[in-house]
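Working notes, structure below.
Throughout, read-outs are computed from the coordinates displayed, never taken from laboratory work. Since the model is a prediction, treat every value here as computed from it, not as a measurement. Backbone-built Cβ (ideal geometry, glycine too); neighbour counts: all protein chains shown.
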Amino acid sequence: MVILFGLAGSGKSTQGQILAEKYGLEWLSVGQVLRDTGKFDKILEKGELVPDEKVVEIMGEKIREIRKGGKDVILDGFPRDIWQAKWVAKHLAGDIQKAVVLDVPKDELLVRIMARGREDDTREAIEKRFEIVEKNLNGILRELRNKKIVVVKVSGLGEIPQVTRRLERELFKGKTQTRSAQRSKTMRSRTRQK
């Protein structure tokens, strides 16, 4: 199991999905999992947070279900605070290969986020969000390190394939794509050729 961390605009979701597909893993984004349940739409629409107890219950269930099916997981956005980090450290520490922080300078992140052109993406709002996430992240990483989980930083600068290669070197040294990932890749290229 791998955990990907990064501020908004760092590309962690993009990279998580690329690696999951390439190595036959399941990409689990906490936001996506919560949306898929359909139970928290009102909370999420208001921009509020789903209670920690519910998040760990749903994520824990989802992780168990996937691993029972013989697949491993890339976690994206989970744990998102210290309470969840304590839960992860207690229940999943032995299964976590590494936690990776995608490191991108804030100036670059601001450029990336403001390029999206959303109304609520003002410089002040983005910087405030960064501050909250960073404060949380430092506490989360401390919890994980206390449980001897390896935490590494990988540069998120450059083109998407460059960042993917850096992550692969860090996480999958010497590992090849799984058979199922290779098979689905072959199937996709055949479909495109038709």
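For Arg67, neighbours were defined as the other residues whose beta-carbon sits under 13 Å from its Cβ, and their charges (Lys and Arg +1, Asp and Glu -1) total -1. Would you mind classifying the chain by shape? Square roots of the alpha carbon gyration tensor eigenvalues, ordered a ≥ b ≥ c; an a/c under 1.5 is rounded, otherwise it is prolate if a/b is larger than b/c and oblate if not. It comes out rounded by the Cα gyration axes.
Beyond 18 Å, how much of the Cα-Cα pair distribution for region 6-58 remains, as a whole percent?
Numbers: 603 of 1378 pairs.
Cα-Cα pairs of region 6-58 separated by over 18 Å account for 44 percent.
Each of Leu34, Gln17, Val55 was scored by the projection of its Cα onto the charge dipole of the chain, and the greatest displacement toward the positive side belongs to Gln17; charges sit on the C-beta of Lys, Arg, Asp and Glu.
Between Phe172, Thr122, Val133, the Cα set farthest toward the positive side of the dipole of the chain (charges on each charged residue's Cβ, about the Cα centre) is that of Phe172. Note on region 18-154: with charges restricted to the Cβ of Lys and Arg (+1) and Asp and Glu (-1), its dipole about the Cα centre is near 520 debye. Fully extending the segment from Glu61 to Glu170 would add 36.5 nm, taking 0.36 nm per residue of separation and subtracting the current Cα-Cα distance. Distance between the modelled labels on Lys68 and His91, one decimal in nanometres: 1.4 nm (7 Å Cα→Cβ projection). Between amide H atoms placed 1.01 Å from N, distances below 5 Å from Ala99 occur with Ile3, Val150, Val151, Val152, all of them 5 or more places distant or on a separate chain. Here Thr37, Thr164 are placed in order of increasing Cβ neighbour count within 10 Å, fewest first, which gives Thr37, Thr164. Model label points for Lys98 and Glu124, set 7 angstrom from Cα along the Cα-to-Cβ axis, are 4.0 nm apart.
3J(HN,Hα) couplings calculated from phi for region 99-104 with the Karplus curve 6.51 cos²θ - 1.76 cosθ + 1.60 (θ = phi - 60°) are, in sequence order, 10, 10, 9, 7, 9, 9 Hz; Gly and Pro show x. Counting neighbouring Cβ atoms within 10 Å and putting the fewest first, the residues Val73, Val154 line up as Val154, Val73.
Going by C-beta contacts inside 10 Å, put Met1, Met59, Met114 in order with the fewest on the left. Working shown, then result.
Details: Met1 20, Met59 23, Met114 14.
Ranking Met1, Met59, Met114 by Cβ neighbours within 10 Å, fewest first, gives Met114, Met1, Met59.
Between Val151 and Glu131, what is 0.36 nm times their sequence separation minus the Cα-Cα distance? Round to one decimal in nm. Before the final figure, lay out each step's value.
Details: separation 20, 0.36 × 20 = 7.20 nm, distance 2.03 nm.
Working it through step by step, the gained length comes to 5.2 nm.
Between their Cα atoms, which of Lys12/Lys173; Lys22/Lys68; Lys86/Lys135; Lys68/Lys135; Lys62/Lys98; Lys46/Lys147 are more than 27 Å away from each other?
On the way: Lys12/Lys173 19 Å; Lys22/Lys68 20 Å; Lys86/Lys135 16 Å; Lys68/Lys135 34 Å; Lys62/Lys98 19 Å; Lys46/Lys147 35 Å.
Over 27 Å apart, Cα to Cα: Lys68/Lys135; Lys46/Lys147.
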